[in-house]
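Undergrad: Quick one: this structure, given as structure tokens, is what I'll be asking you about.
The values are calculated or read from the model by the stated rules, or taken from the named source; none is laboratory data. Just so you know, these numbers come straight off a predicted model, no measurement behind them. Virtual Cβ from ideal backbone geometry, glycine too; neighbours counted across all protein chains shown. Just the protein is used for accessible areas: all its heavy atoms, side chains included, with ligands, DNA and RNA removed. Shrake-Rupley method; radii C 1.70, N 1.55, O 1.52, S 1.80 Å.
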Amino acid sequence: MSTLVTGVGLALPGVRSPEDLLGRIEVSGDAVDPAARIGKKGLKYKDRATQLALCCADEALRDAGLFGADGLSVDGETIAVIVASNYGNVDTVCSVVETIAADGAASGISPMDTPNASSNVIASTLAIKYGLRGPNLMICNGATSGLDAVRWANSLIAAHRADRALVLGVEPDNEIVRRLTGADHVIDGAAAIVLEHPAAAAERGAPGRAVVGASVRTAGVRDCLERLSGPERTVPAAWFGPGADEGLDSAVLGPGTPHHELAGVWGEESAVLGVLQCAGAVGWFAGGGAGPVFALAGRDHDDATAGLALLRPEPV
Amino acid sequence: MSRWPVTGVGAVASVGDDPDEIFRNLCDGRSGIGTLRGFNRDWYNADHLYEVDNRASRGADTVGRASALLAEAIGQALRDAGLPEDLRGIPVLIGTGLRELRSLELWWRDGADFDAARMHFGTALRERFGADDTHTISNACSASLYALALGIDLLECQECDTVVVAGVDVITESMFGLSDRLQLDPPDRLRPFDRDRKGTVMGEGASAVVLRRTPEPGQGAMYGWVRGVGVNCDAFHATAPDPGGIALAIREAHTRAGVKPEDVDLVMVHGTGTPLNDAAEATALADVYGQHISGPLMSGVKSMTGHTSGASGVLSLIVALKAMREQRVPPITGLDHPAPETDGFRLVRGEAVPAPVRLAQVDAFGFGGINAVAVVEAAK
């Protein structure tokens, strides 16, 4: 069973559509303003990561035709939520303990921070906002998190736990994350895709914009490309790298295989990268590109490399 | 209907350093509660937690305690299953509520050495076990049973022959502080389902199980079978549970396991001791079990382990498997006056009871209304 990508959402400076991810990206200086995109309602007491996730999810669900003026168009129990984020709540955690030490007591901290102290607040907030009652997962798995989230969405759909899944990667930019990662700046944005069982998509007439193929996980970039290529030695039509040009020397790639490097464009993308690459693949297919497209996240010095093959959808 | 053998178990908690010791102490009614060890006691009203007592000295907290507890539990489970400490190519799914956020706190505020690579557990497990397919699933207090659901899905889809499912949590000062802010009269112990319960008390621990696609005779212990796991989300409230969502998760677990309420011999309740959780859980159980509500024994571990958050689901599952093997069910301690919503429940109170257990239901519910319920079957 191969799931389909039926929707995309992007909340990033300088990008409006999946096709924009393929060319030269002009990152504008303006941060995403969630209130301007979805209104202020529901954003109070939400941390920055959750706010970014909310406006990105809104776009993805609308794009997939699952959410509109009348609310959800399908039963909320059929929709899973999988969010990838490594740093979503580190600002809350660090500021709470800082305040306690400064005051010498817990009396000065806000009880409104309580949900935000649990890392899964982003995924559960999306579920509450849209009534998404399927399985709800928060993946905090380092550099591979975004592609790992896609793998688990696929697995949940294959196991008949949901017909479709909102998969979203998000990271906030703040001083704590910058110091922790050693990065000059962090993406401060989100990317989302909607994955759907082909039968469920067909039932509501939703076109597939990409097909999710094999996923692999290995101890390094070179091995990941080899395994994605498989015994048939499939050469990808295009590929999204894990950063720092790692993998460029792989024998799996053809001499002219287009390489799209989204890592580092917005600073440290962390858990957003894998989902962003899937959105980029949608843009590649929308522009008439062939498949398969390989997406890789996690470099050799990380715990592991995750890889995903995305295939061109059948013409409708 | 499929079922997946549990071939190894491992656990560490405040009440014991391995599953045997934990089970023995639970049956003896021994609690792991103690006075605060990891934080500055002058800053808080509360002064009790169910901590794992492995710090070099009181108040001297160190980074990496969660990773260390996790590695210990996984190492135990691998040895128990007769497997080498080599997890290359084997999926390891870790459910957690608070990851290594305690280490993050020590880094940011107190200047401890820590970096982004250690925020998730893959780094430590790669170093210790060579693991390269690790997944940190941060699903609050239902995390390890959520991980179990994903693990059996991998076995079902024939993506692997072996999977390790674990849970871990050590207490963060931020979560403890927020709890202290809300609990003006902090509970001195955790009393699940008691009419006079005052709230939860956090605990520390790690738990791990090894699952196979097929049992291999002579290789490792056979504890029992995972028959099915149901997972869902209330989509109701960030902190308040919804009995309707919990009931749906229980029914989902029963359906996936192919069992009916009257088949279940034991329910290991989530039972956090908060007024809201326990009332919602009891209401959901009464709804699902209906006229059969007085059938299964009902027990739980948190009165003696504290709320071990991400570790608690698999820890309860291990206790259920041990109860099946030893035909003895540990009690809920401190349950002096059962709450009215538990009327008709066959609660195990005071002391352990001898009982044959063939099928057990294990509950785990988390912040944000994320529910996971497992059904396990005895090895026999």
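Undergrad: Has the range A:42-52 got any residue that is on the phi > 0 side of the Ramachandran plot, within 12 Å of another protein chain (Cβ to nearest Cβ) and either assigned to a helix (DSSP H, G or I) or modelled with pLDDT under 95 (or both)? Don't jump to the end; show me each part of the working.
TA: To start, the set of residues in the range A:42-52 that are on the phi > 0 side of the Ramachandran plot comprises A:42, A:45.
Now drop any that are not within 12 Å of another protein chain (Cβ to nearest Cβ), which leaves A:42, A:45.
This time we only want the ones that are either assigned to a helix (DSSP H, G or I) or modelled with pLDDT under 95 (or both), so: A:42, A:45.
Yes, that holds for at least one residue.
Undergrad: Looking only at the range B:92-108, which residues are basic (Lys, Arg) and within 8 Å of chain A (Cβ to nearest Cβ)? It would help to see each step written out before you state the result.
TA: Keep residues of the range B:92-108 that are basic (Lys, Arg), which gives B:99, B:102.
Within the range B:92-108, B:Arg99 is the sole residue that qualifies.
Undergrad: Moving to a separate point now. Suppose we keep only residues that are open to solvent by 30 Å² or more (accessible area, probe 1.4 Å) and in contact (Cβ under 8 Å) with a residue 60 or more places away in the chain within the range B:259-274. Which one would you say is nearest to the chain's Cα centre (by Cα)?
TA: B:Thr274
Undergrad: Do we find a residue being of a type outside the set (Asp, Glu), in a loop (DSSP other than H, G, I, E, B) and open to solvent by less than 40 Å² (accessible area, probe 1.4 Å) anywhere in the range B:69-78?
TA: Going through the range B:69-78, the residues of a type outside the set (Asp, Glu) turn out to be B:69-71, B:73-78.
Filter once more, keeping what is in a loop (DSSP other than H, G, I, E, B): none.
No: the range B:69-78 contains no residue that is of a type outside the set (Asp, Glu), in a loop (DSSP other than H, G, I, E, B) and open to solvent by less than 40 Å² (accessible area, probe 1.4 Å).
Undergrad: For the range B:142-188, what are the residues that are open to solvent by 10 Å² or more (accessible area, probe 1.4 Å) and among the polar types (S, T, N, Q)?
TA: The answer is B:Gln158, B:Thr162, B:Ser179, B:Gln183.
Undergrad: Further question on the same structure: Going through B:Thr272, B:Thr239, B:Thr283 one at a time, which residue ends up being among the β-branched types (Val, Ile, Thr) and assigned to a helix (DSSP H, G or I)? Before the answer, list the steps.
TA: Numbers: B:Thr272 fails: assigned to a helix (DSSP H, G or I); B:Thr239 fails: assigned to a helix (DSSP H, G or I).
The conditions single out B:Thr283.
Undergrad: For the range B:366-380, name all the residues that are at pLDDT 95 or above and open to solvent by 10 Å² or more (accessible area, probe 1.4 Å).
TA: Quick first cut of the range B:366-380, residues at pLDDT 95 or above only: B:370-378.
Matches in the range B:366-380: B:Glu377 only.
Undergrad: For residues in the range B:124-159 being free of Cβ contacts under 8 Å to residues at least 24 places away in the same chain and in a helix (DSSP H, G or I), which is farthest from B:Val362 (Cα to Cα)?
TA: Checked the range B:124-159; the qualifying residue farthest from B:Val362 (Cα to Cα) is B:Glu127.
Undergrad: Then there is this: Considering only the range B:126-141, state which residues are over 23 Å from A:Ala153 (Cα atoms) and either at pLDDT below 95 or open to solvent by less than 10 Å² (accessible area, probe 1.4 Å) (or both).
TA: B:Phe129
Undergrad: Now for a different question. Using the structure shown, decide if B:Thr123 is facing another protein chain (nearest Cβ under 8 Å), within 16 Å of B:Ala71 (Cα to Cα) and crowded, with 24+ Cβ neighbours inside 10 Å.
TA: Values: facing another protein chain (nearest Cβ under 8 Å): yes; within 16 Å of B:Ala71 (Cα to Cα): yes; crowded, with 24+ Cβ neighbours inside 10 Å: no.
In short, no.
Undergrad: Go through the range B:222-258 and give me each residue that's within 10 Å of chain A (Cβ to nearest Cβ), open to solvent by 20 Å² or more (accessible area, probe 1.4 Å) and closer than 25 Å to B:Ala379 by Cβ.
TA: Within the range B:222-258, B:Glu252, B:Arg256 qualify.
Undergrad: Follow-up. Just name the residue that is most open to solvent (accessible area, probe 1.4 Å) out of those in the range B:1-53 that are within 14 Å of chain A (Cβ to nearest Cβ) and assigned to a helix (DSSP H, G or I).
TA: Within the range B:1-53, the match that is most open to solvent (accessible area, probe 1.4 Å) is B:Asp42.
Undergrad: Quick check on my filter: what residues within the range A:4-35 are open to solvent by 60 Å² or more (accessible area, probe 1.4 Å) and more than 20 Å from A:His259 (Cβ to Cβ)?
TA: Across the range A:4-35, the qualifying residues are A:Arg16, A:Gly29, A:Asp30, A:Ala31, A:Asp33.
Undergrad: Of everything in the range B:284-294, what is free of Cβ contacts under 8 Å to residues at least 60 places away in the same chain and crowded, with 17+ Cβ neighbours inside 10 Å? Give them in sequence order.
TA: If the condition is that a residue be free of Cβ contacts under 8 Å to residues at least 60 places away in the same chain and crowded, with 17+ Cβ neighbours inside 10 Å, then B:Ala284, B:Ala286, B:Val288, B:Tyr289, B:Ile293 are the ones that fit.
Undergrad: On to the next question. Tell me yes or no: at least one residue of the range A:163-175 is touching a residue at least 12 places away in the same chain (Cβ under 8 Å) and at the interface with chain B (Cβ under 7 Å from one of its Cβ atoms).
TA: Of the residues in the range A:163-175, the ones touching a residue at least 12 places away in the same chain (Cβ under 8 Å) are A:163-174.
Of the ones still in play, those that are also at the interface with chain B (Cβ under 7 Å from one of its Cβ atoms) are none.
The answer is no, given that none of the residues of the range A:163-175 is touching a residue at least 12 places away in the same chain (Cβ under 8 Å) and at the interface with chain B (Cβ under 7 Å from one of its Cβ atoms).
Undergrad: Based on this model, can you work out whether B:Asp287 counts as charged (D, E, K, R) and at pLDDT below 95?
TA: On the way: charged (D, E, K, R): yes; at pLDDT below 95: no.
So B:Asp287 fails the test.
Undergrad: Considering only residues that are facing chain B (nearest Cβ under 9 Å), part of a helix (DSSP H, G or I) and among the hydrophobic types (A, V, I, L, M, F, W, C), which ones fall in the range A:72-107?
TA: Those that are facing chain B (nearest Cβ under 9 Å), part of a helix (DSSP H, G or I) and among the hydrophobic types (A, V, I, L, M, F, W, C): A:Val90, A:Val93, A:Cys94, A:Val96, A:Val97, A:Ile100, A:Ala101.
Undergrad: Something else: Any residue at all in the range A:47-64 that is surrounded by fewer than 23 Cβ atoms within 10 Å (Cβ to Cβ), of a type outside the set (Asp, Glu) and more than 20 Å from A:Gly7 (Cα to Cα)?
TA: yes
Undergrad: Next question, about the same structure. Among the residues of the range A:108-141, write down those that are more than 7 Å from chain B (Cβ to nearest Cβ) and open to solvent by 20 Å² or more (accessible area, probe 1.4 Å).
TA: Hits for the range A:108-141 are A:Gly108, A:Ser110, A:Met112, A:Lys129.
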